Amino acid sequence: MAVVGSGNSALQIGADLAATGRPVYAAFNELTPALPNNTGMWLFLKSTGLMRVPRQSWLGRRMLARPSQSSAPT
């Protein structure tokens, strides 16, 4: 079974399939930047105010300009 993508949904589906004993292969672009998705990262984002950055601010525009995992070239 092949799972394409490195987002949370794709990797969760891969983990669920692997738990049934099936071999699973994940296909993704290793160059796509990713942040860890854990409690520490969410606490950091909330405590620094990055979760509340307005889209119109220079930082908001910069964050929106970065490619997301789903739109990165393969």
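The values are calculated or read from the model by the stated rules, or taken from the named source; none is laboratory data. Remember, it's a predicted structure, so these values are computed and weren't measured experimentally. Cβ placement follows ideal geometry from the backbone for every residue including glycine, while neighbour counts extend to all protein chains displayed.
Restricting attention to segment 1-34, the residues that are free of Cβ contacts under 8 Å to residues at least 60 places away in the same chain and touching a helix residue (DSSP H, G or I) at 6+ places or on another chain (Cβ under 6 Å) add up to 5. Looking only at residues in segment 17-33 that are hydrophobic (A, V, I, L, M, F, W, C) and modelled with pLDDT under 90, the one that is surrounded by the fewest Cβ atoms within 10 Å (Cβ to Cβ) is Leu31.
Of note, Pro36 satisfies the criterion of being at pLDDT below 85 and either surrounded by fewer than 10 Cβ atoms within 10 Å (Cβ to Cβ) or in contact with a Cys (Cβ under 8 Å, 6 or more places away or on another chain) (or both).
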